[in-house]
Amino acid sequence: FDAENVRRAFEAGADDYLLKPVSTKELLARVQNRLERTRQLALHPFPLYRYQEPLASFNLRLLEAKRENQPFALASLSAAPQSIARLLRLLRRILRTQDLVRRGDQEEIIVGFPGLSKEAARTRLTTVLEWENEDAWVGVAEFPKDGLEFSDLVASAQGDREKAMGAIQVNAVWD
């Protein structure tokens, strides 16, 4: 495994990277997922397109998590439109350098936490939000428990966030 070659492959436009030995079931599942995403993109181009920019960096971190048998938590945060830019700057300033912080749509921020469980990522975000007195809805998913691909983790984290939005908002603390 050569992380530099993988990084260059993703930067050049690769969609995926498989480690040898390649499992036939894994290969077929990946091809089937790509075909389904292509079909979905043709039907609904905007929802999937907004995540294409950070996909390479998230995929590389997911690949590393898989190779090292480590967790990778992915969070979806939603806040008021007037708060999202401030919250994005705050997270980039306060979180660890290895954490990935990207803007999703107009009211969403996606955060990747290499090496952290779902619970640890939720605690870290909650602490930061409470400390800075910021309100946001938070949903968290964990690789590999909640998904193996970036899009699966985003969907799981968004579902978790949607459940939280049905609860009472108290400075981003939900269970």
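General observations
- Translational diffusion of region 69-168, estimated by Stokes-Einstein from the Kirkwood radius over alpha carbon pairs at 20 °C in a medium of 1.002 mPa s, is 162 µm² per second.
- Put simply, when 89-98, 155-164 are sorted by average Cβ atoms within 10 angstrom per residue, most first, you get 155-164, 89-98.
- Area of Asp152 that stays accessible when all protein chains are in place (1.4 Å probe, Å², to 10): 60
- Two-site FRET efficiency, Ala120 against Ala12, from Cβ-Cβ distance with R₀ of 30 Å, rounded to 0.05: 0.35
- With a Förster radius of 30 Å applied to the C-beta separation of Glu130 and Lys163, the computed FRET efficiency comes to 0.90.
- Highest mean packing comes first when the peptides 63-69, 107-113 are listed by Cβ atoms within 10 Å, giving 107-113, 63-69.
- Between Ser57 and Asn5, the modelled label-to-label distance comes to 2.5 nm, taking each label 7 Å out from Cα in the direction of the beta carbon.
- Estimated FRET transfer efficiency (Lys25, Lys66; beta-carbon r; R0 22 Å; 0.05): 0.90
The values are calculated or read from the model by the stated rules, or taken from the named source; none is laboratory data. Quick caveat: nothing in here was measured; it's all calculated off a predicted structure. Methodologically, a virtual Cβ is constructed for each residue, glycine included, from the backbone with ideal geometry; neighbour enumeration extends over all protein chains shown. Surface accessibility is based on the protein's heavy atoms, side chains included, excluding ligands, DNA and RNA. Shrake-Rupley method; radii C 1.70, N 1.55, O 1.52, S 1.80 Å.
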